[in-house]
Amino acid sequence: MNGIDFRSMSREELLSEIEKRDELIANMKAELHKYRNQDVANARKIAVSAETATSSDRKVIQKDQHTWDIIESAFLTNDFLCQLEKQQMDEMIESMHQVDVPADSIVIRQGDHGSLLYVLEDGKLQVTKDNRLLRIMDAPCVFGELAILYHCERTASVKALTPCRLWAIERSIFHSIMVNSAKTKHDSLFKFLKRFVVVDRINKSLKHEQKRS
């Protein structure tokens, strides 16, 4: 395996090689344990409803650094979105499209079924529920995140008090990013396991040769 001729190696060389392989396998096991822990943690942090993902729908929309920083800061101060991995967060930001709304416009209406998550880059928004004022939102902030997690009605209305610049992402795009991220992790883990099996077989062969020598 790997072009190694075990029969030509001395006993000392075999013992040294076994020690190196054992150390490599121990490191691989530690790496695998880390992978598993990360997957469990992410599963607890991110709950998404089952929905068909269409990665072909995702388009990269260019943003200047100032806008990128504002969206990212809004994500990082949101209890849900701050749990995303950097790659997931970057892909979400890349995929967000601009929405400019004039003052007095209704951005979200209570009771409607929504599919967009928004980030407020500039302006001021009013949030009401059952015609009762809940709060005023200033930039930067995230709102509407329940829409990308669950198929549910909007729980409150959001109205623009001033002209506002928003950035939005569709639920289907969000799910596509999450699914593709999980697939990439799975593929990496699968490649790693294949590597682990090869090394493990080499180690067993070395130990077998040691016993015979």
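The values are calculated or read from the model by the stated rules, or taken from the named source; none is laboratory data. Computed from a predicted model, the values in this text were never measured in an experiment. In this analysis, Cβ positions are derived from the backbone assuming ideal geometry, glycine residues included, and neighbour counts consider all displayed protein chains.
What the table shows:
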| quantity | calculated |
| --- | --- |
| In segment 106-115, the residues that are surrounded by 15 or more Cβ atoms within 10 Å (Cβ to Cβ) and either modelled with pLDDT of 95 or more or among the aromatic types (Phe, Trp, Tyr) (or both) | Val107, Ile108, Gln110 |
| Criterion (without any contact (Cβ under 8 Å) to a residue 24 or more places away in the chain and more than 30 Å from Ser181 (Cα to Cα)) met by exactly one of Leu76, Leu133, Leu161 | Leu133 |
| Lone unmet requirement of (1) modelled with pLDDT under 95; (2) assigned by TED's automatic domain parsing to the domain that holds Glu170; (3) outside any loop (DSSP other than H, G, I, E, B) for Gln62 | (3) |
